[in-house]
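Below: one structure, written as structure tokens.
The values are calculated or read from the model by the stated rules, or taken from the named source; none is laboratory data. Source: prediction; values computed, not measured. Cβ coordinates were reconstructed from backbone atoms using ideal geometry, including for glycine residues, and neighbour counts include every protein chain displayed. Protein only, heavy atoms only, side chains kept; ligands, DNA and RNA dropped before computing areas. Shrake-Rupley method; radii C 1.70, N 1.55, O 1.52, S 1.80 Å.
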Amino acid sequence: MSRTEPVLRMRSVEVHFGLSHVLQGVDLEVKPGEVVGLFGRNGVGKTTIVKAISGWVAPSAGEITFRGERIDGLTSDQICRRGIGLVPEDRRVFPGLTVEENLRLGAMQVRGRAKGETNAKLAAIYARFPRLAERRRQFGTTLSGGEQQMLAIARVLMGAPKLLLIDEPLEGLAPVIVEEIFALMTELREQGIPLLLIEQNVKRALSICNRHYAIERGKVVHQGDSTNAEDRERLISRISV
Amino acid sequence: MTALFDSLQFIYAPQIINGLSIGVAVILMALGLTIIFGLLDVINMSHGEFYAAGAYLSVTLLGLDLSFWLVLVLVPVILFPAGFLIERYLIQRVFHHRDRHILTLLLTFGLAIVLEDAYRLVWGANPMRPETPISGATEFLGIYFPQYRLFLMAFGSLLILGVWWVVYKTPAGAIVRAAAYDRDMSASLGVPVKAVYALTFAFGVALAGLAGVLLAPIYSVFPTMGKDFILLAFTVVIVGGLGSIKGAVIAALLLTQLQSISSLFISPVWSDPLVFGVMVLVLMFRPAGLFGGFKNG
């Protein structure tokens, strides 16, 4: 795969929920190493885009390709094993599983990985997230919101994601934790893992994005270069309407 | 004082032991039922018939002169793939329908009728009783306990602990619990949820079959044997909390002791109304059961 060929491409993707036409022909791309922001007001279809990529909802039209392979129509576990990692809205930490059990589940993305390799990965995760190491035997429910967010991100990093979908990672978190999560996403960008990021804190999110899309009523209404001040202003005026 | 000890020794103790052995048997039945409900959210009305399948298979295999211990291993091994196929090709057909609960209930109920008639056709309507593999009795404090019942209690307790250990202490159990909590998120971490469902259903069926082998020498084998036991197993699962392993164990022991001890004072015909009365009370005051849910242990 060439450096400029998109890792992820959505072409004319439509999603219906009963009579609601939630996505109305979405075209979107994420290129290698890019952080792409997806912005828009609540209920415009941002999370549905992530769900369609993850296989949680089936597109009624259009196609989604990942590293050149069509993935719409695959099950979520097949999509995950192709390298798409998901940090969903609300974190979705398994409450009755311990921190370590949650993390080990993340390793399921890679089939046939030796036990020693998983343990090494776990040790690396604990070194990066010492608070999770301290709470390794605690249940997911006993963690604070920020710790759960870290666990949700750490869990997906236990695999070997080639693309990360991160949906509203900062929602409801204390400012100190927001900084930590941001530092983590910056690290991921530096490691060259492409990210598709949904975030309400637009100004903050734009600081780590390479490109962005604005979504309105299930359509892409603007796309631009996040490093370009004019494009950033255009995005902000567009989603503030 | 002596009269009190005598009644404790010769009246209550045998009843308690008898209640315990029935309790262990009911737990074995209820475990598969509650695991299947906890993970798949499916009320398996054919669970009793899988128990009967285990018992009939044991009668047939024992008739081929195989040892009881070999049969104890073989029957779950035979029933496991059967359960897998039933989940894959029957349950999954209606699993994603919006009327899933009703449809799976009707489907498994229909399957129960078909299986029950199949047993009648193949093995006939007359009860059969395999020979007890362990005969004799052991004396303890002046009372004789049948050795097979003691074995059943010990083996059953080990089995129950084993199932609890698998579900709560192993990576495979963590996968099952994760899929029960949140199937979408589990799938997005790479858990093959469909396979997990089928394997768990198969595990529940194999457990029911194993219970059938173990209980056949005590309760006889006949086409409706599943129905007789499943009613109590369902009550146990409801009282303990649908999907809770701990709840099933405690509720089974409580209810079977209640049946056993109460039969000393009132006519045994009242034991069923008594047990169902407890279920009604639990549903009135704790609708989710005593320990409500697979996720809670």
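Summed over the range B:107-150, the residues that are in a helix (DSSP H, G or I), touching a Ser or Thr at 6+ places or on another chain (Cβ under 8 Å) and over 22 Å from B:F68 (Cα atoms) give a count of 6.
When B:S267 is tested against (1) closer than 30 Å to A:W56 by Cβ; (2) free of Cβ contacts under 8 Å to residues at least 24 places away in the same chain, just one condition goes unmet, and that condition is (1).
One residue stands out among those in the range A:66-81 that are surrounded by fewer than 16 Cβ atoms within 10 Å (Cβ to Cβ) and either acidic (D, E) or more than 9 Å from chain B (Cβ to nearest Cβ) (or both): the one that is farthest from B:A179 (Cα to Cα), which is A:G68. Residue under question is B:K227, and the condition is that it be part of a helix (DSSP H, G or I), surrounded by fewer than 22 Cβ atoms within 10 Å (Cβ to Cβ) and modelled with pLDDT of 90 or more; does it hold? When the stated conditions are applied, B:K227 does not pass them. Output the residue which, of all residues in the range B:171-195 that are open to solvent by less than 20 Å² (accessible area, probe 1.4 Å) and farther than 20 Å from A:D167 by Cβ, is nearest to the other protein chains (Cβ to nearest Cβ). Checking each candidate, the answer is B:A174. Scanning the range A:211-229 for residues that are of a type in the set (S, T, N, Q), touching a strand residue (DSSP E or B) at 6+ places or on another chain (Cβ under 6 Å) and open to solvent by 50 Å² or more (accessible area, probe 1.4 Å) turns up just one, A:Q223.
Against the numbered list (1) closer than 30 Å to A:G218 by Cα; (2) of a type in the set (S, T, N, Q); (3) surrounded by fewer than 23 Cβ atoms within 10 Å (Cβ to Cβ), A:T141 comes up short only at (1).
Within the range A:39-62, identify whether any single residue is more than 10 Å from chain B (Cβ to nearest Cβ), part of a strand (DSSP E or B) and surrounded by 17 or more Cβ atoms within 10 Å (Cβ to Cβ), and answer yes or no. The answer is yes; a qualifying residue exists.
One line per residue, one yes/no per condition, for (1) over 12 Å from the mean Cα position of the chain (by Cα); (2) open to solvent by 40 Å² or more (accessible area, probe 1.4 Å); (3) modelled with pLDDT of 90 or more; (4) more than 14 Å from chain B (Cβ to nearest Cβ):
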site: A:L157; (1), (2), (3), (4): no, no, yes, no
site: A:L164; (1), (2), (3), (4): no, no, yes, no
site: A:D167; (1), (2), (3), (4): no, no, yes, no
site: A:L173; (1), (2), (3), (4): yes, no, no, yes
site: A:A183; (1), (2), (3), (4): yes, yes, yes, yes
site: A:E187; (1), (2), (3), (4): yes, yes, yes, yes
site: A:I193; (1), (2), (3), (4): no, no, yes, yes
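Take B:Y89 and tell me if it is open to solvent by 40 Å² or more (accessible area, probe 1.4 Å) and assigned to a strand (DSSP E or B). For B:Y89, the condition - open to solvent by 40 Å² or more (accessible area, probe 1.4 Å) and assigned to a strand (DSSP E or B) - is not met.
Considering (1) under 17 Å from B:P171 (Cβ atoms); (2) in contact with an Asp or Glu (Cβ under 7 Å, 6 or more places away or on another chain); (3) within 12 Å of another protein chain (Cβ to nearest Cβ), the lone condition that A:N102 does not fulfil carries the number (2). Residues of the range A:86-138 that are closer than 22 Å to B:A180 by Cβ, charged (D, E, K, R) and open to solvent by less than 70 Å² (accessible area, probe 1.4 Å): A:E89, A:R91, A:E100, A:E101.
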